[in-house]
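Undergrad: What follows is a single structure, and I will ask about it in a moment.
The values are calculated or read from the model by the stated rules, or taken from the named source; none is laboratory data. A quick note: this is a predicted structure, and the numbers were derived from the prediction, not measured. All Cβ positions, glycine included, derive from the backbone under ideal geometry; neighbour counts span all protein chains shown. Surface accessibility is based on the protein's heavy atoms, side chains included, excluding ligands, DNA and RNA. Shrake-Rupley method; radii C 1.70, N 1.55, O 1.52, S 1.80 Å.
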Amino acid sequence: MDLDRPNIEEYLTTDSIHKPQEKLLLRDLLDISPALTEAAGAIIDDSFTRCFKSNPPEPWNWNVYLFPLWCFGVVVRYGILYPVRVLILTIGWIIFLSSFTAVHFLLKGNDKWRRQMERYLVELICSFFVASWTGVVKYHGPRPSMRPKQVFVANHTSMIDFIVLEQMTAFAVIMQKHPGWVGLLQSTILESVGCIWFNRTEAKDREIVARKLRDHVQGADNNPLLIFPEGTCVNNHYTVMFKKGAFELGCTVCPIAIKYNKIFVDAFWNSRQQSFTMHLLRLMTSWAVVCDVWYLEPQNLKPGETTIEFAERVRDIISVRAGLRKVPWDGYLKYSRPSPKLTELKQQIFAESVLRRLEEK
């Protein structure tokens, strides 16, 4: 076939453009096109898409013996467990809101006691949330303590990661600003534990958040800082690239590995397919949420190590402990198209390979 010169002339040298055209066979184009090989590999094994897919469980109620048991389980989960869990969560909210309101207004003159009580109440409501899923959470390692110049980082599967960790320790978390009732809780109750919110679509938020992070880690009385450096929810089979912001603070990084057992329910939250309310409903109508949390050995930047290498080393530690597979993807690609620079780089590589083949001819 004829070479389509207008599509690649921007990437070729001037001399090569003025050379007489030659016939380029299809087999030659395929032989010299690693881009096609890469594309075929992406179609066969798309590890990026797999990071954000929820794999449905294999059906087991397929015969006359098992189907009645499955029907009985549905009746128990929706007719007995779900109403009881709603009652538990309702009681928890009544206790929390009445106590939090009283503490917030009656202890205004004593900030130290007010912060301690609000911290305890936030841990309490998170415990009620975990109870509403019949959560079975096993914590490994020493409990986090309040110390200056330290930050905790964890892999991210769902917004319930924060709840699971918060019921043990009142963290100040860095989180995307959400709409609806979740956003209302963020801007009111969770502000009391020093949480910091951002909007990933606002570039100016990055500078503001970075400044708040540096100020927070310096305070000895501030709650431990928790960051999910992946920046998005991943399906608990993989870990995507860690953002380097948490590793540029010049403080000790404490890794936390979270692994969910999918025997009863998949805890992965796909925010593009369901709201957080529906996600909680799915958890509350399951048998239980089973989870392991490991508080791992603190890490510090080594001499001669860059912040990107530091982030990858911490990701290695978390991935190994939780049994997760590392993939070289930026989780933000889930929300946006690849940058023009990446597209131009692929075009440049393709054009250069075509040029080399033509020169060999």
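Undergrad: How many of the residues in region 220-245 are crowded, with 24+ Cβ neighbours inside 10 Å and farther than 15 Å from W329 by Cβ?
TA: 5
Undergrad: Next question. Keeping to region 130-157, report how many residues are closer than 20 Å to M284 by Cα and either open to solvent by less than 20 Å² (accessible area, probe 1.4 Å) or without any contact (Cβ under 8 Å) to a residue 12 or more places away in the chain (or both).
TA: Qualifying residue count for the region: 4.
Undergrad: Here's a follow-up. Any idea which of A210, A170 is outside any helix (DSSP H, G or I) and either open to solvent by 20 Å² or more (accessible area, probe 1.4 Å) or among the aliphatic types (A, V, I, L, M) (or both)? Explain how you work it out, then say what you get.
TA: Numbers: A210 fails: outside any helix (DSSP H, G or I).
Within the list A210, A170, the selection yields A170.
Undergrad: Any idea which residue in region 71-110 is farthest from N61 (Cα to Cα), counting only those that are of a type in the set (K, R) and open to solvent by less than 50 Å² (accessible area, probe 1.4 Å)? Talk me through it step by step, then tell me what you get.
TA: Just the residues of region 71-110 that are of a type in the set (K, R), to begin with: 77, 85, 108.
Going one step further and asking which of them are open to solvent by less than 50 Å² (accessible area, probe 1.4 Å), we end up with 77, 85.
On the way: R77: 16, R85: 26 Å.
Among them, the one singled out is R85.
Undergrad: On the given criteria, is V193 at pLDDT below 80, closer than 20 Å to Y120 by Cα and open to solvent by less than 10 Å² (accessible area, probe 1.4 Å)? Steps first, answer last, please.
TA: On the way: at pLDDT below 80: yes; closer than 20 Å to Y120 by Cα: yes; open to solvent by less than 10 Å² (accessible area, probe 1.4 Å): yes.
Yes: the conditions hold for V193.
Undergrad: When you go through (1) modelled with pLDDT under 90; (2) open to solvent by 60 Å² or more (accessible area, probe 1.4 Å) one by one for N261, which number turns out not to apply?
TA: (1)
Undergrad: Quickly run through region 262-289 and pick out the residues that are part of a loop (DSSP other than H, G, I, E, B) and not polar (S, T, N, Q).
TA: Correct list: K262, I263, F264, V265, D266, A267, F268, W269, R272, W287, A288.
Undergrad: Which ones in region 232-283 are of a type in the set (K, R) and either touching a helix residue (DSSP H, G or I) at 6+ places or on another chain (Cβ under 7 Å) or under 16 Å from R313 (Cβ atoms) (or both)?
TA: K243, K244, K259
Undergrad: Here's something else I'd like to know. Suppose we filter P56, P142 for residues that are assigned to a loop (DSSP other than H, G, I, E, B), under 26 Å from N236 (Cα atoms) and at pLDDT below 85; which single one remains?
TA: P56
Undergrad: Somewhere in region 247-254, is a residue touching a His at 6+ places or on another chain (Cβ under 6 Å) and within 28 Å of R115 (Cβ to Cβ)?
TA: There is no residue in region 247-254 that is touching a His at 6+ places or on another chain (Cβ under 6 Å) and within 28 Å of R115 (Cβ to Cβ).
Undergrad: Checking R50 against (1) surrounded by 12 or more Cβ atoms within 10 Å (Cβ to Cβ); (2) modelled with pLDDT of 80 or more, only one condition comes out false. Which one?
TA: For R50, the exception is condition (2).
Undergrad: Got a sec? Which of L121, L69, L97, L81 is hydrophobic (A, V, I, L, M, F, W, C) and within 27 Å of the chain's Cα centre (by Cα)?
TA: Values: L69 fails: within 27 Å of the chain's Cα centre (by Cα); L97 fails: within 27 Å of the chain's Cα centre (by Cα); L81 fails: within 27 Å of the chain's Cα centre (by Cα).
Exactly one residue qualifies, and that residue is L121.
Undergrad: Still on this structure, please answer the following. Please list, ordered by first then second residue, the pairs with beta carbon atoms under 8 Å, 6 or more apart or interchain, first in region 285-298 and over 17 Å from F152 (Cα atoms), second among the hydroxyl-bearing types (S, T, Y) and part of a strand (DSSP E or B).
TA: Between residues of region 285-298 that are over 17 Å from F152 (Cα atoms) and residues that are among the hydroxyl-bearing types (S, T, Y) and part of a strand (DSSP E or B), the close pairs are V289/Y260; V290/Y260; C291/Y260.
Undergrad: Give K243, K212, K259 a once-over and let me know the one that is out of contact with any Pro (no Cβ under 8 Å at 6 or more places or on another chain), among the basic types (K, R), in contact (Cβ under 8 Å) with a residue 12 or more places away in the chain and more than 30 Å from W113 (Cα to Cα).
TA: Of the residues listed, the single one that is out of contact with any Pro (no Cβ under 8 Å at 6 or more places or on another chain), among the basic types (K, R), in contact (Cβ under 8 Å) with a residue 12 or more places away in the chain and more than 30 Å from W113 (Cα to Cα) is K259.
Undergrad: On to the next question. Out of the residues in region 290-330 that are part of a loop (DSSP other than H, G, I, E, B) and of a type in the set (V, I, T), which is modelled with the highest pLDDT?
TA: T306
Undergrad: Among the residues of region 269-321, which ones are among the aliphatic types (A, V, I, L, M), open to solvent by 20 Å² or more (accessible area, probe 1.4 Å) and either in contact with a Cys (Cβ under 8 Å, 6 or more places away or on another chain) or closer than 18 Å to P229 by Cα (or both)?
TA: Across region 269-321, the qualifying residues are L296, L301, I308, I317, V320.
Undergrad: Is one or more of the residues making up region 231-253 basic (K, R), assigned to a helix (DSSP H, G or I) and farther than 24 Å from V182 by Cα?
TA: Initially, region 231-253 is screened for residues basic (K, R), giving 243-244.
With the extra rule that they be assigned to a helix (DSSP H, G or I), the set shrinks to 244.
Filter once more, keeping what is farther than 24 Å from V182 by Cα: 244.
The answer is yes, given that some residue of region 231-253 is basic (K, R), assigned to a helix (DSSP H, G or I) and farther than 24 Å from V182 by Cα.
Undergrad: Please specify each residue of region 173-192 satisfying the condition of being part of a loop (DSSP other than H, G, I, E, B), farther than 21 Å from R115 by Cβ and in contact (Cβ under 8 Å) with a residue 40 or more places away in the chain.
TA: Within region 173-192, just H178 meets the criteria.
Undergrad: On to the next question. All but one of (1) under 28 Å from R325 (Cβ atoms); (2) open to solvent by 10 Å² or more (accessible area, probe 1.4 Å); (3) under 15 Å from the mean Cα position of the chain (by Cα) hold for V164; which doesn't?
TA: (2)
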